[in-house]
1. Answer with yes or no whether Ala266 is in a helix (DSSP H, G or I), surrounded by 21 or more Cβ atoms within 10 Å (Cβ to Cβ), in contact with a Phe, Trp or Tyr (Cβ under 9 Å, 6 or more places away or on another chain) and hydrophobic (A, V, I, L, M, F, W, C).
2. Given the condition buried (at least 16 other Cβ atoms within 10 Å of the Cβ), modelled with pLDDT of 95 or more and more than 20 Å from Asn224 (Cβ to Cβ), answer yes or no: does some residue in region 148-158 qualify?
3. Take the residues in region 186-202 that are among the acidic types (Asp, Glu) and closer than 27 Å to Gly63 by Cβ, then tell me which one is farthest from the chain's Cα centre (by Cα).
4. I need the full set of residues from region 52-82 which are within 19 Å of Leu291 (Cβ to Cβ) and over 12 Å from the mean Cα position of the chain (by Cα), in order please.
5. Could you give every pair whose Cβ atoms fall below 9 Å, whose first residue belongs to region 281-298 and is under 14 Å from Val94 (Cβ atoms) and charged (D, E, K, R), and whose second residue is at pLDDT 90 or above and surrounded by fewer than 17 Cβ atoms within 10 Å (Cβ to Cβ), counting only separations of at least 6 or pairs across chains?
6. Just to check your reading of the model, which residue among Ala58, Ala79 is within 24 Å of Val238 (Cβ to Cβ), of a type outside the set (D, E, K, R), surrounded by fewer than 20 Cβ atoms within 10 Å (Cβ to Cβ) and touching a helix residue (DSSP H, G or I) at 6+ places or on another chain (Cβ under 7 Å)?
7. Among the residues that make up region 92-104, is at least one of them buried (at least 20 other Cβ atoms within 10 Å of the Cβ) and of a type in the set (Asp, Glu)?
8. Looking at Ala183 and the list (1) at pLDDT below 80; (2) crowded, with 17+ Cβ neighbours inside 10 Å, which single condition is not satisfied?
Amino acid sequence: MNTEIRTTRLEDGRNLEYAEYGDPDGLPVLFFHGFLGSHHQARSAAAASRQHGLRLVAFNRPGVGASSPAPYRAVRDIAGDVRQLLDALDLEEVGLLAVSGGCPYALACACQLPERTRQVNVVSGLGPFEEGLLTHLPRLPRLTLLLSRYCPALARWLLGWRVRRFLRGPREYSPGLVGAAAAADEGPLADPELRTLLLADLEEVLVRGGGARTLVEEMRLFFNWGFRLSEMPPSTPVLFWHGTDDLLVPPSMARHMAAQLPGSEARFVPGGHFLAVQIAGEVAARLAHALRGPRQWTRPAVETACEPARATARPVARPAVVALPG
């Protein structure tokens, strides 16, 4: 698929690179890629976006591709860049779609730009490292995150070594980066198109982007969101989708975030970390419905399971829905 890559110049002179997928005349949805990742991840939702009339705008975060590095001190700092991107594209209101490590950034924008956010959908989302949730991550990612936080120079050196290995043989090296994936991910990862997408992601970060420095800087940000989930406005519905067999980002993170967010809903689906590939159509349908209807908010947080036998929590009744003007 040939996608035109564009950049917009931000007020401080930095560039923000983005691409568009789906229906060019559709309802706007801003896509937040995972870690490590790039705008290429939105390609997995392109067909579903076209089917449901969505215009998917996927931007590269600072240090990825041609997006300039940024002096972020917390995750919340991304909201200023996103506001400028929306202004440049003349988009008043958008839906937000985040996968994996894009979750903190999408929630930060929903928190600080509530008047421009209609609904947030998070798939396999990385949550805050509080109440011991960091210990739920696999050992190697957990140690890499801690090393980036407390000894960033050593982390950059070690990751730089891995980057050099990647550059010597990208196609041979890239499969090892998803070694912690669950058996539930074997199907998606066997798809040649998805493997090509993953390789393109790596090249955006490790070749065109800032490489090890970008990786370490982003991992350090994951420890400082700059806002609390309790500060999220209840006027913005948030829907979490998570695979029950996700080993890279455990479902406990989605449960924790949903419990902290009034008006949120959590859906736990059989699958692994690459769940977004499997449920792209369902997610696109929910976003399209939200963007076409009136602004809504939901009452207490809800947890649902697409297959009750696989769920770990007692089913809860869906909340009432109240339509707000505008």
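1. no
2. Scanning region 148-158, I find no residue that is buried (at least 16 other Cβ atoms within 10 Å of the Cβ), modelled with pLDDT of 95 or more and more than 20 Å from Asn224 (Cβ to Cβ), so the answer is no.
3. The selected residue is Glu193.
4. Scanning region 52-82 gives His52, Gly53, Leu54, Arg55, Leu56, Val57, Val82.
5. Going by the 9 Å Cβ cut-off, the qualifying pairs are Arg292/Gly53; Arg295/Glu93.
6. Ala79
7. No; the residues of region 92-104 include none that is buried (at least 20 other Cβ atoms within 10 Å of the Cβ) and of a type in the set (Asp, Glu).
8. If we test Ala183 against (1) at pLDDT below 80; (2) crowded, with 17+ Cβ neighbours inside 10 Å, just (2) comes out false.
The values are calculated or read from the model by the stated rules, or taken from the named source; none is laboratory data. Quantities reported herein were computed from a predicted structural model and do not represent experimental measurements. Please note: Cβ atoms are built from the backbone with ideal geometry, for glycine as well, and neighbour counts cover all protein chains shown.
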